[in-house]
Amino acid sequence: MATLPTESADQVWLTSKEAKKVLKVSDCHLMHLRLEGKLQFRKEGNRYFYLIALNTHSDKELT
């Protein structure tokens, strides 16, 4: 897991692969959540990192 300065006690920055696993979504759905502004993200080079709440287990809270 990547640790970036803006994470809080209950949130963590995850790679795309980790975020897909935690949210139980596909690549495509993760991209749509990002484009719709439902996920806070950061791009470093060609990699995306997503700020995910530790208690999030699916994307039902996002839709």
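In percent, what relative contact order does region 11-57 have, based on Cα pairs under 8 Å that are 6 or more apart in sequence?
Value for region 11-57: 54 percent.
Per 0.36 nm of contour for each residue apart, how much would the distance between Asn55 and Lys17 grow if the chain were fully extended, relative to their Cα-Cα spacing?
The Asn55-Lys17 span can extend by a further 11.9 nm.
Read-outs throughout are calculated quantities, based only on the coordinates presented, and are distinct from any laboratory measurement. Note that the structure is predicted; figures quoted are calculated from it, not measured.
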